[in-house]
Every structure is written in structure tokens, then in C-alpha cells.
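Participant: Right, I'll just put the structure down here and ask away after.
The values are calculated or read from the model by the stated rules, or taken from the named source; none is laboratory data. The shown structure was predicted, so the numbers you read here are calculated from the model rather than taken from an experiment. Every residue, glycine as well, gets a Cβ built from its backbone with ideal geometry; the counts of neighbours run over all protein chains shown.
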Amino acid sequence: MTLFLGFAAVNTGNNLLYLLVSALLGFMAVSGVLGRGNIAGLSVAVEVPDEIYDARSTLVTVRLHNEKRLLGAFLVRVILPDGNLLFTAVGPRASAVASLTCTFSGRGTRPLGEIQLSSPFPINFFVRRATVGESRAITVFPAPRRCPPAGNGKAVASGEAANDARGYEGDISRIADYRGEPMKLIHWKLSARQDELKVRELSAAACEPLIIDLASLPGNHLEERLGHAAHLIQYCLQKNRPVGLRLGSRMIAPALSRGHKLRLMTELANYVPA
Amino acid sequence: MYRLKTLLNLLAYLASVLCIAPLFPYLERPVQAFLPAALLAGIICDRLDYYPLRRVPAAILSSCLFFFYAVGISREQMVHSVVHIIVLLLAVRLVTEKSSRNYLQLFVLAVFALAGSTLLDLSALFLFCLILLVLAVTVGLVLLTFHSADADLRLTLPELRRILATALVLPAVSLVLMLGFFVILPRTNHPLWNFLNPTPAAASTAGISDRIEPGDVASMGENSAIAFRAEGEDLPAEERYWRGTVLNTMEGNTWVRHEPPTREKVRLAGGRPITQTIYPEPKTDRLLVALDPPEKLDGVRFQASADMVHTARRPLVQRTRYAVDSRLGGKIQLLGAADREFYQQPPASVAPRLRSLAERIAAEGRSDRHRVDLLREFFLAQKLAYATSDLPGSENSAEEFLFEKKRGYCEHFASSFGLLLRLVGVPARLVGGYHGGEYNALAGYYLVKESAAHVWVEALVEGNWMRIDPTGWAQNPEALPRHEFGAWRQLLDAFDYYWTRAVITYDLGSQIGLLRQANFQMRDWRWPRLPAPAWPVFAGLLLLSTLLLLLRRRRNRDRGLPDALRQRVRAKYALGPIPLSQGLLELAIQVDDPLCREFAEIYNRAAFRDRPLRSVERRRLRQLLRELAK
């Protein structure tokens, strides 16, 4: 339109047409600068959960921060490798948070990938794009697969056994000095007799540890076995049963914590057969 | 919550009204009636969210209207037809359902309609419409972008305010840039499509002509149209004579112009030089009016005659301007012998009373000057009155004017005086032009209307063409037309004048002039001379601003250090962009670099305690950055 009117202005020498063309050119220049300013000074923080499973929906939280002092950010679309989010308006020096479900395919540790910003603001003629980095790595665990009973059918059977570890529900294993334990563990009678606080140390109620040998798990191929292993880890830890892992010649001792679970899952995610 | 669609509708109505306003007087009656009806119907349909005119019938209707006017397109009617097509398409679009695409079409049609109006009307109303249209269309396009993202978007008041505040930057800055682009955009002196440009209504009327019959100028006295504007200083009342044409031959009652004798040559002597810029209103004639007596014209292509009549090569149907150098109070000196016979030629028949009067004065007069004085005395003795009605109109209008009715318009005074001069043997001619004018002190120019058209006499006395205005001898000077500006009219006319001067007549010559002026100013640039007491204040302000600048830089100098670290780490470990959300220590752990870790620890130590970096720390950080860069 500007070109056509510009052509008409030059050929008619009509100064009012020149005024109109000048206004349109000014508008184009300002919209370009405004569009560029709209997408500049933005940073994106992506929060992913600790546990991401292959081909399973995962809730990802995106925080868009506008670092500009005066200009707001409008109609900014944050494009993730697997989905996108639209932020309608973020004020100057303000943040906006939104979530979307993403599905990551393929196990392993890898960078989250490029995050792109795009915006058609201020006018929908051109879409400006920018790439904001996200160097953090994510680990996608194998998708758990229900494991069929193996051998005697007791591969996953649970049972209880006393554990050497300290706990809160087992039998009294010994009397010890008070070191900040819960009040219910204080042995009041003994404490009154000895003039210092004594506590009952109870043994932890725990199941028999399970060591998962990847090689001996059922499954037609490696991914299937890894899925079964992931399922077993989840299942055992849910049942409060310590679980360990044997990957070829490597052995990871059984334990119960969440950190241990993530470690086992990470091992499975990054497992490459020798 | 505010519905975006409602706002867009309002802007679409506003844009439609603004683009149609300057076009409205040029539209055909049915179209004039159709447009407001379409706007009203559109508003009702939008309110009810019900559109009886569906997409396909609307497209068929648009096509029919298009073809109806398209078949009538001709070279003369091109603008008229195209403008009608545009406004009718706009009207149809107003009454149909409005999607994002339809809104965009509406805004584009509005811009084209306003562009079309420039080929019909050059008034300053355009500027008003343009400013508001730019505002409506730009804000509309921004809201349309949101509408395209989500058609049912509703905004809270703070959101809407924030969006509008940013959107308003667009028209505000666009209009400022418009001024710059307008000045520098390339122009040509010979546009190819000049025929498309409007011929203003005034161009259909002619001003002073080369033929004056009794009653001609009187009829112009009722014409309040502007003849021209003359930019320059305020003039003494007796010098406000604007020379147009010279009528040198009598044909019965009528004075006409013939080419002056070929050997006639004149020059200007004495007088005060004065320069004026004349902005004539478009007319069909070619006469170039100039303050009497004119010495030199510049700015248009013209032809000059020995009797100081300047004629443009082409009719002045477009707005233009030219500069005139005149000699205020200067004498028109004849070089060489005069062609007395040419300027003394009386009409074929002269009334007996006039002939006997002339014979008596010719006999009494000892010289040409004396005869002129005797004739003046006769005119005064006759107690002639200036009048605009009941004027002499017979075949012997001069005799009727001088002896019977004794009332007349300026051409009766001039025509009869000129005739008597010729009869007594003094070479004489009539000068047609304008007298007076309203001086606009605000903008420094004279506004001269067609009603100021005037005729006076030039008599050749002692080798000089002497200006004589017999109308001034009327016994009722209070009846002479007065031209005064009211305060409001002065303001409005000043705006119109600047509009014409700055916008309408801006051309390649103006661009080159501006360039030259800028060049001269650059070359002759001098530092402004400040009075002695101002120097300490100036120096103090300079010092203060420098100190503030340094202080600010000092305060902000540590802010760039984390960014510098991120850059170095990115470069050293070939990483992708590092998010700002990632802490420095986290980054150090990620890359497992002792230099990076030390940097993070030093920086965080200061940052977490909310204290500025010590100079030792700052030095160390910079050293670490240098080492990381190796």
C-alpha cells in the first residue's frame, strides 16, 4: 500500500499524498523498532520436574521475565521443542508464569534445546523471532512397564524383616542419649532415673532389599527391560523396599531414598550396553 | 473486562467517518445518503451481533457496485469513479460481519479513501483527518494483532491501559517522522499524472481580465473569493496597489489590451526596493499580480511586457508561488520617445459634452501636468460619489457618469478619467489589478480578495508613467471598501496560509532551497555569544552534568560483570545461550571451572551482603575474566 501510494505521490506531485506516504513510512519505521523492542530484554526460565518419563506427558512451567524498564512485552509466544505458550502482556520489570504439558521422546540426558520467542506485535504483518538459551540438561527416564511375574512368581513379593537402620516403627533396639529425637521416643522413666534424657532407638521396619539385574529381567529387547526395571524401582520404593541395580558388572547398592531413586532412574536413562 | 472486538468496532467507525469527511461533498447524492445509513446499520448489526448481509451476497453487491462505477471510468472521471468504488466497498464492509481480515480490509480502504480525497480537495481539513486516521488505524492494527491471536480476548483495565499506552507510541512517533519524511521524499517538477490533481473551485473563475467594460469590476466587488496572498511587510495605505494588466486601447465603451508599442522601453527610478512572495489562488487566467511597480519576478515561467505586465506561460490552475521585487514609490520612466499616438487614441465616437470639456481643458492647460491637475479639479468639482448600485450603463457611460448620475464604481472613475486624459492630449492607459488587502500581522502577509479588484489610471507626464487613482477623489470616502481582519479570521487564515505555503506549494525548488539554506548555516556556524555573567552558570551546569554522568557510570560499572562472565564461559566451553535465571555458582559447578567458581564466590559475597564490590575484589574479578578469555 505504501509503495503504491508512494508511486502515486511521485507521479502526481500531490503533497497531500506525500504527507500520507510519509505517515505510512513513519508508521513502518516505528512498528519495526517497537516490534524489535518488544522481543528484546526478555528471559525465559523453564522449570521441569525431576522425573521425566519417555513419551509421558510432563507439566513444564515457563516463567517469562521482562527486564525492560519502560516497555511492556506483548503477545510473546515461547516456543519449546515440544509445544508453545502465549503470554498476552508482561509489564516492564515483571514476570508471568504459565504451564504446559510436554512429552519428551527417547530416554537419556540431553539439553532441553533451544527456546524461541516470537511475537507479531505491534502489527500482525511480520513475526519477530529471537532465541533464548536454555543450557540446562534434562534426563528422560525410560517409561515404566509393568513387569510380569518371573520364576517363582515372587520376584516382586514383599515381606518384612528387621533392619539395622534406625527407624520409628520397629522394636526397641537400644537406649541412647537424646540428640533431638521426637518427644515420643524419649524414655521418661529411664531419663528420670539417670538425670539425663534417654531415648528409645527403634529398628526401622523394612522389606527385604531387592537387587534388580537388568540382564535377567524379562523383555524382548533392551528398552523393554529398562521399562520393566523402571517399573520395579518405582514399585519397590513405593512399598518401602530398598532397591539396588546391577547393570552388567556395575552394582548399585540397595537404598530407599528419593535421591537413590533418581540415581537409579538416571542410570537406566543413560544405560548403554557394553 | 473489556472486549477487544468492541474497541475495534469503535476504531473502525472512527476511521470510516474520518476518511469519508473530506470526500463527502464530492460524492453523488445517493452515495451520500447510503454511507451514513451503512454506518448506522453496521453499528446496529455489531450491537446485535446479527448480520443479515451474509458473505456471498455482500461479495456480489460489492462486485456490482464495482462494475457500475468501473465502466464509467474515463480520463476526466477517473478519480471520481475510483473514489466512489472505494467508499462503497467500505460501506458494504461496515454492514457485514467483521473478522480480523475484514477489519484489516476496512482500515486499508479507509487509508485509500483518504488518499483519494487528496485528488479532489487540498484544504487543511485533510491534516485533521490524517492525524486522527493515523491514530485510529495504528491503534486499530495493534488491537487487531491481539484479536488475531484470540478473537474472544477480553482485557482487564490495567492490561488495556498498558497496551494502549504502547500502541499510542505508534501514531505519536509516526506523525513526528512524517514531517521528516515529507521534507526529504524525492519530488519532481514534472509529474506524469498531473492531470489527476484537483482543480480547485476557484480555478473555474478568472480574475482581472484584459478587457474592462463598465460594470465588470463592480460585479467582482461581490466576489469574496481569495485572489492571492502576498507575504511581506505592512505597506502604507497609498502604496497598496497590485498591478495586474494594462488596458491601452479604447473600443467604444470598453478598454482592452493590445500589445504595447514594440519600441517602448521603460525603467524604474527611485523608490524603496521591497520583496514579496505571492501565493495566487488557482485561476484560469495567466496574469501574475505584483506590487506596483514591479521590477523583477522569479519562481514561475512568464513573459514580461514593456508596460510591466507579466503573464505566466501556463494558466495558474495549480497552487504555486513566485517572488516579486518591487520599488515602493518608484517611477516608471520611459526610455526614448513615447508613442503618444497609441496612448492618445480616443474611441470612435465621443459624447459632445466630453469633447467640449476636453477642448476647454486642452486650451487652458499649459503642460501635460497642468492638464492633469485641471482634470482632477474638474472631477472634484463634479462631486462624484463612489457607489456599487444604480451605476451608469448606457453607451455613453462616461458622460452619464460625469454629468448625470455622478455615481460610479472604480472603473467609471478610471475609464472616464483615462478617456478625458486622451482627449486633452495626455497619453493615458488603465491599469487593472487590486487595491488594498487585509494585512495579517500574525503571519505577515496580505490577503487580497477578488472584491478588492480595482482599476486606476497611468498618465505619461514628463516622461514618467504617473499613477493616478481618480476613485480616491470620490466625495464619500467612507463608502470605499475597507478590508480588516477579525482576530479569529486572522488566526484561521494564517493557518490556511501556512498550510498552503508549507505543504501545498512545497516542491523540488523548496527542497533545494532548504538544502542550500542548511549548507549556508553549516558553513557560517558560530557558537552562540553568551553574555559574560552567563559563562559561570554555563560552565557550572556542564561540570555538574559531567559529574552526574561519571557518578552514574561508577554506580553501574559492576552490573556488567556477571554478563561478562557468562560471555567468557560461553565462548570458552562452546555453550549455548546461558539463561539469566542460572546463578553464577550454578554455572561454575556446571562447567567445573575453578576460575569461574572463584569469580562466583567473590561476586556473590558482595551481592548477597548487598554491598558494593571492593576495589581489590573488582580488580581480581577483572583479572579472572581476562584469564577466562585466554
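Participant: Please find, within region B:128-158, the residue that is nearest to the other protein chains (Cβ to nearest Cβ) out of those that are in a loop (DSSP other than H, G, I, E, B) and of a type in the set (D, E, K, R). Give the steps one after another, and end with the answer.
Facilitator: Filtering region B:128-158 down to residues in a loop (DSSP other than H, G, I, E, B) leaves B:150-153, B:156.
Of the ones still in play, those that are also of a type in the set (D, E, K, R) are B:150, B:152.
Details: B:150: 8, B:152: 13 Å.
Per the stated criteria, the residue is B:150.
Participant: Pairs, please: C-beta under 9 Å, at least 6 apart or cross-chain, first residue β-branched (Val, Ile, Thr) and in region A:257-274, second assigned to a helix (DSSP H, G or I) and at pLDDT below 95?
Facilitator: If the second residue must be assigned to a helix (DSSP H, G or I) and at pLDDT below 95, no pairs are left.
Yes/no matrix, rows are residues, columns are (1) within 9 Å of another protein chain (Cβ to nearest Cβ); (2) under 30 Å from residue A:259 (Cα atoms); (3) surrounded by fewer than 18 Cβ atoms within 10 Å (Cβ to Cβ); (4) not β-branched (Val, Ile, Thr):
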position: A:38; (1), (2), (3), (4): yes, no, no, yes
position: A:41; (1), (2), (3), (4): no, no, yes, yes
position: A:46; (1), (2), (3), (4): yes, yes, no, no
position: A:52; (1), (2), (3), (4): no, yes, no, no
position: A:55; (1), (2), (3), (4): no, yes, yes, yes
position: A:60; (1), (2), (3), (4): no, yes, no, no
position: A:64; (1), (2), (3), (4): no, yes, no, yes
position: A:90; (1), (2), (3), (4): no, no, no, no
position: A:116; (1), (2), (3), (4): no, no, yes, yes
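Participant: If you don't mind, there's one more thing I want to ask. Given the criteria of a type outside the set (Phe, Trp, Tyr) and within 20 Å of residue A:5 (Cα to Cα), does residue B:92 qualify? Walk me through how you get there before you give the answer.
Facilitator: Values: of a type outside the set (Phe, Trp, Tyr): yes; within 20 Å of residue A:5 (Cα to Cα): no.
No; evaluated as a whole, the condition is false for this residue.
Participant: Could I ask something else about it? Among A:16, A:75, A:25, A:71, which is on the phi > 0 side of the Ramachandran plot, facing chain B (nearest Cβ under 7 Å) and either part of a loop (DSSP other than H, G, I, E, B) or among the hydrophobic types (A, V, I, L, M, F, W, C) (or both)?
Facilitator: Values: A:16 fails: on the phi > 0 side of the Ramachandran plot; A:25 fails: on the phi > 0 side of the Ramachandran plot; A:71 fails: on the phi > 0 side of the Ramachandran plot.
Step by step, each of A:16, A:75, A:25, A:71 is checked, and only A:75 is on the phi > 0 side of the Ramachandran plot, facing chain B (nearest Cβ under 7 Å) and either part of a loop (DSSP other than H, G, I, E, B) or among the hydrophobic types (A, V, I, L, M, F, W, C) (or both).
Participant: Which residues, taken from region A:181-233, are outside any strand (DSSP E or B) and touching a helix residue (DSSP H, G or I) at 6+ places or on another chain (Cβ under 7 Å)? Write out each step before concluding.
Facilitator: Filtering region A:181-233 down to residues outside any strand (DSSP E or B) leaves A:181-185, A:187-197, A:208-209, A:214-233.
Hits for region A:181-233 are A:197, A:214, A:217, A:218, A:219, A:225, A:226, A:229, A:230, A:233.
Participant: Out of everything in region A:169-195 that is exposed (fewer than 10 other Cβ atoms within 10 Å of the Cβ) and of a type in the set (D, E, K, R), what residue ends up being modelled with the highest pLDDT? Reasoning before the result, please.
Facilitator: Our first condition is that a residue be exposed (fewer than 10 other Cβ atoms within 10 Å of the Cβ); within region A:169-195, this holds for A:169, A:179-180, A:182-184, A:189, A:195.
Among the residues that remain, those that are also of a type in the set (D, E, K, R) are: A:169, A:179, A:184, A:189, A:195.
Working: A:169: 55, A:179: 72, A:184: 78, A:189: 84, A:195: 74.
The selected residue is A:189.
Participant: Follow-up question, since we're still on this one. Restricting to region B:101-117, give me the number of residues that are in contact with a helix residue (DSSP H, G or I) (Cβ under 6 Å, 6 or more places away or on another chain), in contact (Cβ under 8 Å) with a residue 12 or more places away in the chain and within 8 Å of another protein chain (Cβ to nearest Cβ).
Facilitator: The qualifying residues number 2.
Participant: Could you list, in sequence order, all residues of region B:308-335 that are touching an Asp or Glu at 6+ places or on another chain (Cβ under 8 Å) and surrounded by fewer than 17 Cβ atoms within 10 Å (Cβ to Cβ)?
Facilitator: Passing the criteria: B:315, B:323, B:325, B:328, B:329.
Participant: Is it the case, given these coordinates, that residue B:86 is touching a residue at least 12 places away in the same chain (Cβ under 8 Å), farther than 19 Å from residue A:18 by Cβ and β-branched (Val, Ile, Thr)?
Facilitator: On the way: touching a residue at least 12 places away in the same chain (Cβ under 8 Å): yes; farther than 19 Å from residue A:18 by Cβ: yes; β-branched (Val, Ile, Thr): yes.
Yes.
Participant: While we're looking at this one, here's another question. Restricting attention to region B:285-344, which residues are at negative phi, in a loop (DSSP other than H, G, I, E, B) and among the aliphatic types (A, V, I, L, M)? Please lay out each step first, then the result.
Facilitator: Of all residues in region B:285-344, those at negative phi come to B:285-298, B:300-307, B:309-328, B:330-335, B:337-344.
Applying the additional criterion that residues be in a loop (DSSP other than H, G, I, E, B) yields B:285-286, B:288-289, B:292-293, B:300-301, B:305-307, B:309, B:313-321, B:330, B:337-339.
Once the filter is applied, which keeps residues that are at negative phi, in a loop (DSSP other than H, G, I, E, B) and among the aliphatic types (A, V, I, L, M), region B:285-344 yields B:288, B:289, B:300, B:306, B:309, B:316, B:317, B:337, B:338.
Participant: Do we have any residue at all in region B:596-616 that's within 14 Å of chain A (Cβ to nearest Cβ), touching a residue at least 12 places away in the same chain (Cβ under 8 Å), surrounded by fewer than 16 Cβ atoms within 10 Å (Cβ to Cβ) and part of a helix (DSSP H, G or I)?
Facilitator: Taking every residue of region B:596-616 in turn, none turns out to be within 14 Å of chain A (Cβ to nearest Cβ), touching a residue at least 12 places away in the same chain (Cβ under 8 Å), surrounded by fewer than 16 Cβ atoms within 10 Å (Cβ to Cβ) and part of a helix (DSSP H, G or I).
Participant: Next question, about the same structure. What residue, among those in region B:171-195 that are touching a residue at least 60 places away in the same chain (Cβ under 8 Å) and facing chain A (nearest Cβ under 7 Å), is surrounded by the most Cβ atoms within 10 Å (Cβ to Cβ)?
Facilitator: B:182
Participant: Would you mention how many residues in region B:130-170 are under 30 Å from residue B:79 (Cβ atoms), in contact (Cβ under 8 Å) with a residue 60 or more places away in the chain and surrounded by fewer than 19 Cβ atoms within 10 Å (Cβ to Cβ)?
Facilitator: So the count comes out to 1.
The rows are residues; the columns are (1) touching a residue at least 60 places away in the same chain (Cβ under 8 Å); (2) crowded, with 17+ Cβ neighbours inside 10 Å; (3) part of a helix (DSSP H, G or I); (4) touching a His at 6+ places or on another chain (Cβ under 6 Å).
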site	(1), (2), (3), (4)
B:431	yes, yes, no, no
B:439	yes, yes, no, no
B:448	yes, yes, no, no
B:455	yes, yes, no, no
B:471	yes, yes, yes, no
B:492	no, no, yes, no
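Participant: If you don't mind, another one. Name the residue, out of A:132, A:97, A:127, that is in contact (Cβ under 8 Å) with a residue 60 or more places away in the chain and in contact with a strand residue (DSSP E or B) (Cβ under 8 Å, 6 or more places away or on another chain). Steps first, answer last, please.
Facilitator: Values: A:97 fails: in contact (Cβ under 8 Å) with a residue 60 or more places away in the chain; A:127 fails: in contact (Cβ under 8 Å) with a residue 60 or more places away in the chain.
Of the residues listed, the single one that is in contact (Cβ under 8 Å) with a residue 60 or more places away in the chain and in contact with a strand residue (DSSP E or B) (Cβ under 8 Å, 6 or more places away or on another chain) is A:132.
Participant: Taking region A:236-269 only, how many residues are among the hydroxyl-bearing types (Ser, Thr, Tyr) and more than 19 Å from residue A:215 (Cα to Cα)?
Facilitator: Matching residues across region A:236-269 total 1.
Table: residues versus (1) part of a helix (DSSP H, G or I); (2) under 25 Å from residue B:131 (Cα atoms).
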residue	(1), (2)
B:37	yes, no
B:52	no, no
B:57	yes, no
B:60	yes, no
B:75	no, no
B:90	yes, yes
B:102	yes, yes
B:109	yes, yes
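Participant: Going by the conditions given, is residue A:30 within 9 Å of chain B (Cβ to nearest Cβ) and more than 30 Å from residue A:100 (Cα to Cα)? Write out each step before concluding.
Facilitator: Details: within 9 Å of chain B (Cβ to nearest Cβ): yes; more than 30 Å from residue A:100 (Cα to Cα): yes.
Taking the combined requirement at face value, the residue satisfies it.
Residue-wise test of (1) in contact with a strand residue (DSSP E or B) (Cβ under 6 Å, 6 or more places away or on another chain); (2) assigned to a strand (DSSP E or B).
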| residue | (1), (2) |
| --- | --- |
| B:350 | no, no |
| B:374 | no, no |
| B:379 | no, no |
| B:421 | yes, no |
| B:434 | yes, yes |
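Participant: Report yes if some residue within region B:283-300 is surrounded by fewer than 20 Cβ atoms within 10 Å (Cβ to Cβ), of a type in the set (Ser, Thr, Tyr), over 25 Å from residue B:250 (Cβ atoms) and in the same structural domain as residue B:255 (by TED's automatic domain parsing); otherwise report no.
Facilitator: Scanning region B:283-300 turns up at least one residue that is surrounded by fewer than 20 Cβ atoms within 10 Å (Cβ to Cβ), of a type in the set (Ser, Thr, Tyr), over 25 Å from residue B:250 (Cβ atoms) and in the same structural domain as residue B:255 (by TED's automatic domain parsing).
Participant: Out of B:290, B:269, I need the residue that is out of contact with any helix residue (DSSP H, G or I) (no Cβ under 9 Å at 6 or more places or on another chain), at pLDDT 90 or above and of a type in the set (Gly, Ala, Ser). Which one?
Facilitator: Numbers: B:269 fails: at pLDDT 90 or above.
Of the residues listed, the single one that is out of contact with any helix residue (DSSP H, G or I) (no Cβ under 9 Å at 6 or more places or on another chain), at pLDDT 90 or above and of a type in the set (Gly, Ala, Ser) is B:290.
Participant: Of everything in region B:539-572, what is within 11 Å of chain A (Cβ to nearest Cβ) and at pLDDT 85 or above? Give them in sequence order. Outline the logic, then answer.
Facilitator: Quick first cut of region B:539-572, residues within 11 Å of chain A (Cβ to nearest Cβ) only: B:566, B:569-570.
Matches in region B:539-572: B:566, B:569.
Participant: In region B:237-258, which residue that is under 10 Å from residue B:210 (Cα atoms) and of a type in the set (S, T, N, Q) is modelled with the lowest pLDDT? Reasoning before the result, please.
Facilitator: Start the filter on region B:237-258 by keeping residues that are under 10 Å from residue B:210 (Cα atoms), which leaves B:244-248, B:255-258.
Those still in the list that are of a type in the set (S, T, N, Q) too: B:245, B:248.
Numbers: B:245: 92, B:248: 89.
Ranking the qualifying residues of region B:237-258, first place goes to B:248.
Participant: If you don't mind, there's one more thing I want to ask. Determine, yes or no, whether residue B:413 is free of Cβ contacts under 8 Å to residues at least 60 places away in the same chain, of a type outside the set (A, V, I, L, M), crowded, with 24+ Cβ neighbours inside 10 Å and closer than 19 Å to residue B:255 by Cβ.
Facilitator: Details: free of Cβ contacts under 8 Å to residues at least 60 places away in the same chain: no; of a type outside the set (A, V, I, L, M): yes; crowded, with 24+ Cβ neighbours inside 10 Å: yes; closer than 19 Å to residue B:255 by Cβ: yes.
Here the answer is no, as residue B:413 does not meet what is asked.
Participant: Step by step: first the residues of region A:78-88, then only those that are more than 9 Å from chain B (Cβ to nearest Cβ) and in a strand (DSSP E or B), then the one that is surrounded by the fewest Cβ atoms within 10 Å (Cβ to Cβ). Which residue is that? Let's see the steps before the verdict.
Facilitator: Of the residues in region A:78-88, the ones more than 9 Å from chain B (Cβ to nearest Cβ) are A:78-85, A:87.
Remaining after also requiring in a strand (DSSP E or B): A:78-80, A:83-85, A:87.
Working: A:78: 23, A:79: 15, A:80: 20, A:83: 13, A:84: 15, A:85: 19, A:87: 22.
Among them, the one singled out is A:83.
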